[in-house]
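Novice: Handing you a structure now.
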Amino acid sequence: MFLIKNLTRISPTSSSIVTRFRTTGSFTLASRFCTASETQIQSPAKIPNGVDRSQYSGLAPTREGEKPRVVVLGSGWAGCRLMKGIDTNLYDVVCVSPRNHMVFTPLLASTCVGTLEFRSVAEPISRIQPAISREPGSFFFLANCSRLDAEAHEVHCETLTDGLNTLKPWKFKIAYDKLVVASGAEASTFGIHGVMENAIFLREVHHAQEIRRKLLLNLMLSDTPGISKEEKRRLLHCVVVGGGPTGVEFSGELSDFIMKDVRQRYSHVKDDIHVTLIEARDILSSFDDRLRRYAIKQLNKSGVRFVRGIVKDVQSQKLILDDGTEVPYGLLVWSTGVGPSSFVRSLGLPKDPTGRIGIDEWMRVPSVQDVFAIGDCSGYLETTGKPTLPALAQVAEREGKYLANLLNKIGKANGGRANSAKEIELGAPFVYKHLGSMATIGRYKALVDLRESKDAKGISMTGFVSWFIWRSAYLTRVVSWRNRFYVAINWFTTFVFGRDISRI
């Protein structure tokens, strides 16, 4: 009874508090999301552009008095650099991506063998752009974009679920004032049978986790009593397909792991484990001949065997080359470059000669209003007369920085709203200048080429000094001080105590 009397006594006050709360910020936040019952909150006649809010399930078009909305599809190098540079006093930012972090891909190979831990190369989106977790109109959605409706200025999305026994995917729509497609690319398989089913790619943190677990599992299984010599050699044969920087760096990390850790902690199998690198042409084709020859020499010293050939078929325990050679493997890592994703191919937008979204010199998609594309998913249209830029992190990052500055300029000129930037002067177009290439090859050796192209004049070097420059450069390029600290500590503990070989 005493409790009931007290509740009765305070109920008028609590009711007024609730009333005030509903009529302030909470209502503003809720009004951005719309469901079928939204007509009870806001009359559709007040919605801009004549959009019936009752038909919406998601984020409806922005109203007068609200900030324009920039929707970013993707959380890679390009998208994250754009979100970092966008002025959140001018725009609300909404990111849609199947992962809630950015991957620092140059150091991803180091996580596969325990040189670095996985969290060291993953940067949460909310740290890159704090407004996503603080501002009432900015959001991150763990989802995939399934369709673009450029006329209605909206994207259709579907939430990401973890496995088949979880919640059903929820479909929703997001209206945008400016859309930036930065969804990246997917690994190229060239239509080779069995690649998707049997190979592991090296593009995401979960790929590195899978490689690490598979590698350590094979090491332990190969020491099982009664296993045949042939099966042991197969389990301990690591095959890397693709001689680009990712494939070479992973081979170097793997050979370091074998030389320094496996031979000490798995002495029973140390003579059976080996690495093979398969490439159809020359490895590290973006580097000059002198640097390539040095890389091959050093990798051979580390026990990496080179095979020149084209993979024709991949089976569960072996792959077959174009000359009929069968190569048994226990671990197969596929790193043969990237191509347009299925989402990009499905978009009814103009394409460049390689099948990526066609853009002009200002990162715009010319055939539609308020749509931009950056990173690996985009390329110059043939009408621009410019060659397609390489799918490199430095290209994507600088495109993201350029577009962030461009959108900020548009917003300051009152062009942030949908269909309102047609008459705004955009300024200088994007110009890419190559800053050079670097690749580590193990054993405290690396390649550094600071020339604009392999035929230009400039600085190129090899050896320990290059390895020190490689590490220093990437340590400074890691996104946050938190992750720089993680990377530095991981490198130190690996140097002192060796790599972590726990299979967790």
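The values are calculated or read from the model by the stated rules, or taken from the named source; none is laboratory data. It should be emphasised that the depicted structure is a prediction, and the values quoted were computed from it without experimental measurement. As a convention, Cβ positions derive from the backbone with ideal geometry for all residues, glycine included, and neighbour counts pool all protein chains shown. Note: areas computed on protein heavy atoms with side chains; ligands, DNA, RNA excluded. Shrake-Rupley method; radii C 1.70, N 1.55, O 1.52, S 1.80 Å.
Novice: For the range 315-326, state whether one or more residues are within 24 Å of E117 (Cα to Cα), modelled with pLDDT of 90 or more and either of a type in the set (D, E, K, R) or surrounded by fewer than 20 Cβ atoms within 10 Å (Cβ to Cβ) (or both). Before you say what the answer is, go through the steps one by one.
Specialist: Our first condition is that a residue be within 24 Å of E117 (Cα to Cα); within the range 315-326, this holds for none.
No, that holds for no residue.
Novice: Right, something else. Considering only the range 142-156, state which residues are within 19 Å of the chain's Cα centre (by Cα) and open to solvent by 40 Å² or more (accessible area, probe 1.4 Å). Quick ask: steps written out before the conclusion?
Specialist: Keep residues of the range 142-156 that are within 19 Å of the chain's Cα centre (by Cα), which gives 142-146.
Those that are within 19 Å of the chain's Cα centre (by Cα) and open to solvent by 40 Å² or more (accessible area, probe 1.4 Å): L142, N144, S146.
Novice: Can you tell which of T224, T189, T159 is open to solvent by 50 Å² or more (accessible area, probe 1.4 Å) and β-branched (V, I, T)?
Specialist: The unique qualifying residue is T224.
A quick yes/no check of all residues on (1) assigned to a strand (DSSP E or B); (2) touching a Phe, Trp or Tyr at 6+ places or on another chain (Cβ under 6 Å):
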site	(1), (2)
N89	no, no
C95	yes, yes
M102	yes, no
E123	yes, no
S133	no, no
P136	no, no
L142	yes, no
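Novice: Limited to the range 196-229, what total is found for residues that are part of a loop (DSSP other than H, G, I, E, B) and more than 16 Å from G114 (Cα to Cα)? Talk me through it step by step, then tell me what you get.
Specialist: Taking the range 196-229 and keeping what is part of a loop (DSSP other than H, G, I, E, B), we get 199, 202-204, 222-228.
So of that shortlist, the ones also more than 16 Å from G114 (Cα to Cα) come out as 199, 203, 222-228.
Of the residues in the range 196-229, 9 are part of a loop (DSSP other than H, G, I, E, B) and more than 16 Å from G114 (Cα to Cα).
Novice: Working only within the range 285-304, note down all residues that are closer than 11 Å to R443 by Cβ, open to solvent by 30 Å² or more (accessible area, probe 1.4 Å) and not charged (D, E, K, R).
Specialist: Scanning the range 285-304 gives a single hit, G303.
Novice: Something else about it: Name every residue in the range 468-486 that is closer than 19 Å to Q394 by Cβ, in contact with a Lys or Arg (Cβ under 7 Å, 6 or more places away or on another chain) and in a helix (DSSP H, G or I), in order of residue number. Quick ask: steps written out before the conclusion?
Specialist: So the first thing to find is which residues in the range 468-486 are closer than 19 Å to Q394 by Cβ, and the list is 469-480, 483-484.
Within this subset, residues satisfying the condition of being in contact with a Lys or Arg (Cβ under 7 Å, 6 or more places away or on another chain) are 475, 478, 480.
Hit for the range 468-486 is L475, nothing else.
Novice: Any idea which of L406, L426 is in a helix (DSSP H, G or I) and at pLDDT 90 or above? Write out each step before concluding.
Specialist: Numbers: L426 fails: in a helix (DSSP H, G or I).
From the options L406, L426, the qualifying one is L406.
Novice: Considering (1) in contact with a helix residue (DSSP H, G or I) (Cβ under 9 Å, 6 or more places away or on another chain); (2) modelled with pLDDT of 95 or more; (3) of a type outside the set (G, A, S); (4) crowded, with 20+ Cβ neighbours inside 10 Å, say which one T336 fails and leave the rest.
Specialist: Only one criterion is unmet by T336, namely (2).
Novice: Of the residues K386, K401, K445, which is open to solvent by 10 Å² or more (accessible area, probe 1.4 Å), over 21 Å from D289 (Cα atoms), of a type in the set (K, R) and touching a Phe, Trp or Tyr at 6+ places or on another chain (Cβ under 7 Å)?
Specialist: Working: K401 fails: touching a Phe, Trp or Tyr at 6+ places or on another chain (Cβ under 7 Å); K445 fails: over 21 Å from D289 (Cα atoms).
Of the residues listed, the single one that is open to solvent by 10 Å² or more (accessible area, probe 1.4 Å), over 21 Å from D289 (Cα atoms), of a type in the set (K, R) and touching a Phe, Trp or Tyr at 6+ places or on another chain (Cβ under 7 Å) is K386.
Novice: Can you name the residue in the range 362-392 that is modelled with pLDDT under 95 and in contact with a helix residue (DSSP H, G or I) (Cβ under 7 Å, 6 or more places away or on another chain) and is also nearest to A428 (Cα to Cα) among such residues?
Specialist: Only one residue fits best here, namely L389.
Novice: Then there's this: With the requirement that a residue be open to solvent by 40 Å² or more (accessible area, probe 1.4 Å) and either modelled with pLDDT of 95 or more or closer than 20 Å to Q369 by Cα (or both), what does the range 162-185 give you?
Specialist: Taking the range 162-185 first, the residues open to solvent by 40 Å² or more (accessible area, probe 1.4 Å) are 162-171, 173, 183.
K173, S183 - these are the residues of the range 162-185 that are open to solvent by 40 Å² or more (accessible area, probe 1.4 Å) and either modelled with pLDDT of 95 or more or closer than 20 Å to Q369 by Cα (or both).
Novice: Same structure again: What residue, among those in the range 358-383 that are over 19 Å from F104 (Cβ atoms) and of a type in the set (D, E), is most open to solvent (accessible area, probe 1.4 Å)? Full working, then the answer.
Specialist: Of all residues in the range 358-383, those over 19 Å from F104 (Cβ atoms) come to 358-373, 377-383.
Subset that is of a type in the set (D, E): 360-361, 370, 382.
Working: D360: 16, E361: 42, D370: 14, E382: 151 Å².
By that ranking, first place goes to E382.
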